[in-house]
Amino acid sequence: MWQESVNVLVYEWLKMPEGDKLSDALNFFIYDTVKILFLLTTIIYAVTLLRSYFSTEKVREYLSRRHEYTGNVLAALFGIITPFCSCSAIPLFLGFLQARIPLGVTFSYLISAPLNNEIAIAMLLSMFGWKVAALYVGFGLLVAIIGGIIIGRLGLEKEILIEVKPIEGEIRAENQVIAFKTRLSDAWDYTFDILRKIWLYVLIGVGAGAFIHGYVPTEFITTVAGADNPFAVPVATLLGIPMYSNAAGVMPLIEVLTSKGMLMGTALSFMMAITALSLPEAMILKRVMSLKLIAIFFGTVTLGIIGVGYLFNALL
């Protein structure tokens, strides 16, 4: 119904010719902008309300008592319901170190939080269906778990440059009773704050997608990043690293690239590199850890993302 409304607006009210490149690009821009902002508002509000029942302190308390490998799995799972920007995950990463949680476990969280965030999962589900969303979650968790285990096995604790004072004694999470009305209000405040921060990324992402949708020939995409190019996945991954966005901003681009002929695994490798490995994240981490540890972190995750891209392409 929304697509029909946009068609009426562009082709009848604005009297723009159907099939024209500019008309189609404008149609795509209006349709996807409203759709994505509506999805984001609904999803962020619902997940934030749900997340208000989970205590970060309880998670830290629980993880501090787990076996290392169990901790990697649980930390990766916890990443699904926490901040969906690679930079905003860093404060909790430091909190985990303060709680004496093993370094490898903290990295499993740091990898998973931007990679497997609830926004990416919900938007993949709505745009590409449950199969793609489920595979993405499964492979994303695998990258986070294995990446954390590898980093943990290398014994790199000395590469943390800042002094993280450990929490003295036992970690105990206090139970807080919060009124449901307060939870609703806090969830809306958080949702509005997130939308205020990312709306420009959404417009840029949709604008880029609209341009590609209207003006870039399908043949160009299939030649550069189609099934016939065996190096498409690593190239897409390396191109994504210098960029910085979140899933909400890059997802419209992924939708268009796949519709133009880019294989799903190649497109998702591009998205995963953008969301999980960003230059702003590296600059912040440079204050926290050595260049050696940053290089190992980025290298491990990059190889994992490339592997996931090839697996996706093979399975789909």
Query raised in the report: Just checking, which of Y11, Y31 is within 20 Å of Y215 (Cβ to Cβ), in contact with a Pro (Cβ under 8 Å, 6 or more places away or on another chain) and open to solvent by 30 Å² or more (accessible area, probe 1.4 Å)?
Result: Y11
Query raised in the report: Do we have any residue at all in region 43-50 that's in contact with a Phe, Trp or Tyr (Cβ under 7 Å, 6 or more places away or on another chain), hydroxyl-bearing (S, T, Y), open to solvent by less than 60 Å² (accessible area, probe 1.4 Å) and modelled with pLDDT under 80?
Result: yes
Report task. Go through region 283-306 and count every residue that is part of a helix (DSSP H, G or I) and surrounded by fewer than 17 Cβ atoms within 10 Å (Cβ to Cβ). Result -> 7
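Each row is one residue, and each column tells you yes or no for (1) touching a Gly at 6+ places or on another chain (Cβ under 8 Å); (2) open to solvent by 10 Å² or more (accessible area, probe 1.4 Å); (3) closer than 25 Å to V301 by Cα.
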{"site": "L200", "(1), (2), (3)": "no, yes, no"}
{"site": "V235", "(1), (2), (3)": "no, yes, yes"}
{"site": "M251", "(1), (2), (3)": "yes, no, yes"}
{"site": "F270", "(1), (2), (3)": "yes, yes, yes"}
Query - G309, sole failed condition from (1) open to solvent by 70 Å² or more (accessible area, probe 1.4 Å); (2) assigned to a helix (DSSP H, G or I) - result: (1)
Query - Of residues in region 258-284 being within 22 Å of A25 (Cα to Cα) and at pLDDT below 85, the one nearest to the chain's Cα centre (by Cα) - result: S259
Requested in this report: Would you mind listing the helices (runs of 4 or more DSSP H) fully within region 55-104 where at least 2 residues are surrounded by fewer than 17 Cβ atoms within 10 Å (Cβ to Cβ) and modelled with pLDDT of 75 or more?
Outcome: 68-78
Report summary line: Just one listed residue, out of V256, V308, V250, is touching a His at 6+ places or on another chain (Cβ under 8 Å), hydrophobic (A, V, I, L, M, F, W, C), over 20 Å from L92 (Cα atoms) and in contact (Cβ under 8 Å) with a residue 40 or more places away in the chain, and it is V256
Query raised in the report: Considering region 186-226 alone, what residues qualify as being in contact with a helix residue (DSSP H, G or I) (Cβ under 8 Å, 6 or more places away or on another chain), hydrophobic (A, V, I, L, M, F, W, C), at pLDDT below 75 and more than 27 Å from A46 (Cβ to Cβ)?
Result: I221, V224, A225
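The values are calculated or read from the model by the stated rules, or taken from the named source; none is laboratory data. None of the values given here were measured: they were computed from a predicted structure. Reconstructed Cβ throughout: ideal geometry from the backbone, glycine too, with neighbour counts over all protein chains shown. Please note that ligands, DNA and RNA were not included when accessible areas were found on the heavy atoms of the full protein model with its side chains. Shrake-Rupley method; radii C 1.70, N 1.55, O 1.52, S 1.80 Å.
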